[in-house]
Structures are given as C-alpha cells and as structure tokens.
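Heads up, the thing below is written out as structure tokens.
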Amino acid sequence: MDNISIKVENLEKTFGEGESRVEVIKGASFEVNKGELVALIAPSGAGKSTLLMMIGCVLEPTSGKIWLGEELVYDKKWLTKDARKIRREKLGFIFQAHYLIPFLNVLDNVSLLPLTSSEKEEVVRDRSKDILRFLGLGEKFNAKPSELSGGQNQRVAIARALANQPQIILADEPTAALDIERAHSVVKMLKEVTKTQGVSIIMVTHDERLLGYCDKILKIVAGKVETSHVTEGEVV
Amino acid sequence: MINLAYKDIQHTFSKFVITAMGVGMLLGIVLIMIGVYRGMVEDAKVLLNDVNADVWVVQQYTLGPFAESSRLYQDLQDSIKVIEGVDKAAALTFQGMQLFDKQGHAVRVYTVGYDPRGDFQIIPDSALIEGRVLRESHYEMVVTDKTGFALGEKIKVGRNIFTVVGITQGTVSSGGDPIVYVSLKDAQIMQFSYSNPRIRNDRARGLESKDSQLVNVVVATLKPGYAADQVAQKMERWKHLTVYSQAEQIQILSKNVIERSSKQIGLFTLILVLVSSIIIGLIIYTMTLEKIKEISIMKLIGIPNFLITKMIIQETILLGLIAFVFGNLFAQLIYSNFPKRVLLEWPDSFTLLAVIIVTSFLSSLIGVYKVLKADPAQAIGG
C-alpha cells in the first residue's frame, strides 16, 4: 500500500429502486499509484462523474471499499463522520468550469481552503503565491475571476486544488471548456504537478488527444473499470 | 482569515446598498406609522395639558366637552370658584370650525375660547413662537403655525374681522386639527348667537332670542391639600353637574375619542411590521439562493459550514442595520410633510431595531438551512 494513492475494490453504485433501478457502476476495482496522472474515459452517462464523486466522498456508493492513501474511508458505509474533513485534507477538485468564487480575488480563491486549517495565514499566503507563480499567474493575485480568460481561470482552479497540499486531485473534464491549445497546456501542467509534487490525479476526459500525457487509463465499460497503461511517447 | 461576507458585499456593493435602501424605506414607513400613532395619542393630551386644570366641570350626565356635547351657564364659574378647596376657575368653549385663507382655501381649525383677563392662561408661554397672547375682549386671534396664517393677518369670521396677534406651535386638538384661540365673548358669539333672520323668525314664533351666556366647560384648580375627587363630589351633589379629574378627562379622550382610530393605526403598524419581516426573510432567502452554486463548491472543496453560515448571518445582520439607518433617515426626511403630527421617538426606533435584528437573524436561519441542505454534488456537472 506504500505506493498506492487510491484503491477501489468491488465498488458498486445503483440509482432508484424496483423497475427504475439503474446499476451505473458494477463492481469497479482499480488502483492509482502516487504521482500518477490517470485518465478516466467512457461515453457520456457511463458513470465517470459518479465514480469521481464516490472517490471524492461526495456520493455514497451502494457497496464496495475505497482507500485514500492508507486510510480505508468506505467499507459498505462511510468510516468517518466528517467526509468534508477528508476532502479538505486529502483531496483537491478541478471541475469542467472553473467554479471560482466570483467575489474573491485569485489569491483569496486559492488561499480560502488552507486558511481554514491551523496553518499560519502568512505561510498559506506564501505557498498560494508560489503555486500561482508556478502556474504562470504571478501577476494576477488581485484579479477577480471575471477579469481573467477561461484558461487563466482554469489555472487558478488548479492552483486552488493544490493549495491545501492534497494527495489526490479529482479533475472532472478540466479541459472541456478550453480550445485544444489551452487544453494541452493545462494537462501538461497537471502532468508536471504529478511529477514535481507527487500528487495523484484522476482526470475525466473525452479528448483522446490528451491521453498521451497520462500514465494510466481507466475505461468504464458496462459499469466495470478496465485499466490500461500508457507507455512513454505512446499516442493513443 | 478571509471574511466572506465583507468580500461578497464589496463585490456587489451597489446591489447590497440598494437592497438595504429598499428595506430601509419599508422600515421608514413602519416608523412613520408608529409616529402617527404616537402623534395621535400625544395630540389628544396637548390641550388638556395646556389647560392644566385639576377638575373639569361639564353638563350633568355627559362626557363633555370633547367626547360629548356639554353646555353650562358662564356664571357657573363664579359658583365654582367659591366652593371650598377651589383656587381658580374659568369658563371655556371649544368648537370645530372652518376658516378661509387669502386664496380662499378652507382651513379646518379647532377654536378655543377663553377670557384673556380670567384666572387661566390657556396658551402656554413655551408654545408661543411669535407675537403675544390675547389681550382684548374682541376681534383678536392667536393661531397655530400649521394654519398658515401670518402675524397681523385679517381673518373674516361671520360678520367680524379678527387680527392675528400671536402664533403658536404644536397646539392641536385631540383630532389633530390646529387650534385658534379667541376671547370667550367672541367664541360665544361664534357658537351660540343666532343670525338676525333667525331672531326675527323666532320672534314671529313667539320665542324670545337673546345672546346666551353659555360655555362648554368650567375648569378649576384646587388649593393645596384638597383632593380632586372630594371637591368633585361636592360640586356634583350641590350643583347637579358632572365633574372629571384631569386623569379621567385624559382617559375619556384616549378610551372614548381616539381609541378606535389608535387601535386601527396600531393594527396597521403591526401588519406592516409583519409584512416587512416577511419581505426581509424573502430577500435573505433569495440572496442565499443566488449564491447556492458557490456554496455547493465551497462545501465540496471542504470549506466548513460555520464559515459559510457566518457569511450568511453577517450579511443578514448588516442588511438589517443599514436598512435601519436608511429607515430612520427616510422617516426623519419626510415626517414633517404629514398634515397631522408624526411623533418619532428613539425608544420606538430602538425597539424596531431589536425587532429587525431578531427578524434578520431568524430570516438568516432560512439561509443557513439552505446552506446546510445544499448538496455538494450540485457543483459537479454530468
């Protein structure tokens, strides 16, 4: 388990009951290692976001087990009363749209979550500035989301996901709203984050041109998850 | 730590202030309504306080002179004056009437007639803002500033022309009409004298018409050591009159004369406070709903509930406070334009503030409930 960041075992999720019962995930099992960029692919409605939300402790599975790092967080029920604490301490989220808080500036958006921890404000602010500089937003600390381009906002969202130093980032189609050039740039950045900071990232995507950056591909087929590895330089 | 309420308000400052102003105007109207109620109660006591008598002697079995018609002979004041315990006594008349200004506009007034050389000084020095009190027995008038008449102005009443010799402020009847003061003799002519055709008509009927010496009430003050009820009992027994103390007269006015009107205003005020509370609640609810996406995101990324609920509660309380300030400013700006007295009192304002704070806090709980119920999964599409 030392090198494993996420482990999922026989995970199931059904919606509805009786005739309207729909089995979305049927016994999914996979592992994600530390520092891996993993793509999660499947047709629309196959359960990508559902799987992501279950790993993110937002949606309760029907059965199965989930480990985040070495901690077993779900075993037929949540093993913690405060799922938000797990999200706060272990996870970072990036969404299709940037979903930044419109009334906060870039630096506040990035610092907000870690400021709720016991860390000193000065330390948090400095780290947030470092992350923003790393993502090429060193001049935009005081800008509001409405004053930035789509690509810049998505980079701020990445910075926000990194600010609380998570072990795992769950990215739900982070490039969907971007043109191909910016999409490549964002995924390159995510790749760099995995290598430099040892963070594991699961990225939902429809764009097969981006799969070449990933270490592993998780494909949902008929409710089950198939894992395939991408060798260096391979174009999928 | 980042103050989310401060940042949010800063971001939508003009919208927040305009919302607060809107709520403030509503609160201003509530304050005005309370002021109208207070003014009505206060107006009812103005004349009684100005006269400041210990006992009010009226026609037997009547609630006069304000609640029911009362007629007494003027010379009764002399009989009253010699009763043991009575210090001073004076006969007064009260009459509602209509005057006309220079442009011919009707001015509704309440006329008080008193003897300028009598025992009682009816016009308080503090109320006189210009000119002097009555000095002559005829054709002088002291008016309240709200009548619009100026010092020295000539006013025609019946066959006579009166000169305004003094102007008072804040002197109104229990109904809120501005008071004009004339001499008792003039007031008796206005109220009780017949016109020449009527006198001729009465003579033709075999009736004798002559100038009456009637008044509406005789007021008296008592010597030290005499209780009002004991002296009143004596007067009622020997003179066949009804006598009220100052306190009873105030009660008659507040219970019999203005009770229904004041209850109506009070009920209307209560409904207005209730409606304002509901509107504040709806505004807070809408303000929270507008932020529900951001709230879901915050919950999803792990922001604790207390930070989000703190934002909602702080914004709500601040909205209430700003609205309270605007409400007071608005009420202070417009209250003097109302035709009748509007009495704005700080204790009422602060009571309303307490109501608004409690209402705002309760309203914010609706927002907090929405926050607690907000599903973080709403943040993720697909």
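The values are calculated or read from the model by the stated rules, or taken from the named source; none is laboratory data. What you see is a predicted model; the values in this text were computed from it and never measured. With ideal geometry, Cβ positions are generated from the backbone for all residues, glycine too; neighbour counts draw on all protein chains shown. Protein only, heavy atoms only, side chains kept; ligands, DNA and RNA dropped before computing areas. Shrake-Rupley method; radii C 1.70, N 1.55, O 1.52, S 1.80 Å.
Some values worked out for this structure:
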quantity	calculated
Residue A:197 being at positive phi and open to solvent by 10 Å² or more (accessible area, probe 1.4 Å)	no
Residue list for the stretch A:37-46, restricted to those being more than 8 Å from chain B (Cβ to nearest Cβ) and open to solvent by 10 Å² or more (accessible area, probe 1.4 Å)	A:41, A:42, A:43, A:45, A:46
Criterion: within 14 Å of chain B (Cβ to nearest Cβ), open to solvent by less than 60 Å² (accessible area, probe 1.4 Å) and under 20 Å from residue B:3 (Cβ atoms) - qualifying residue of A:162, A:112	A:112
Residues of the stretch A:188-202 satisfying the condition of being at pLDDT 90 or above and within 12 Å of the chain's Cα centre (by Cα)	A:194, A:199, A:200, A:201, A:202
Count - residues of the stretch A:53-72 that are open to solvent by less than 10 Å² (accessible area, probe 1.4 Å), assigned to a helix (DSSP H, G or I) and either at the interface with another protein chain (Cβ under 9 Å from one of its Cβ atoms) or among the basic types (Lys, Arg) (or both)	0
Matching option when the condition is open to solvent by 80 Å² or more (accessible area, probe 1.4 Å), more than 30 Å from residue B:172 (Cα to Cα) and either within 37 Å of the chain's Cα centre (by Cα) or of a type in the set (Lys, Arg) (or both), among B:362, B:353	B:362
The lone exception for residue A:216 - which of (1) open to solvent by less than 30 Å² (accessible area, probe 1.4 Å); (2) under 22 Å from residue A:98 (Cβ atoms); (3) touching a strand residue (DSSP E or B) at 6+ places or on another chain (Cβ under 6 Å) it fails	(2)
Residue count for the stretch B:327-349, restricted to those that are polar (S, T, N, Q) and farther than 22 Å from residue B:171 by Cα	2
Neighbours by Cβ (under 7 Å, 6+ apart or cross-chain): first from the stretch A:198-223, farther than 18 Å from residue A:7 by Cα and touching a residue at least 12 places away in the same chain (Cβ under 8 Å); second surrounded by 19 or more Cβ atoms within 10 Å (Cβ to Cβ) and of a type in the set (Ser, Thr, Tyr)	A:205/A:175; A:207/A:175; A:210/A:175
Any hit, the stretch B:1-23, residues being modelled with pLDDT under 90, under 22 Å from residue B:179 (Cα atoms) and open to solvent by 30 Å² or more (accessible area, probe 1.4 Å)	no
Residue within the stretch B:265-279 that is among the aliphatic types (A, V, I, L, M), open to solvent by less than 60 Å² (accessible area, probe 1.4 Å), touching a Ser or Thr at 6+ places or on another chain (Cβ under 8 Å) and in the same structural domain as residue B:29 (by TED's automatic domain parsing) present	no
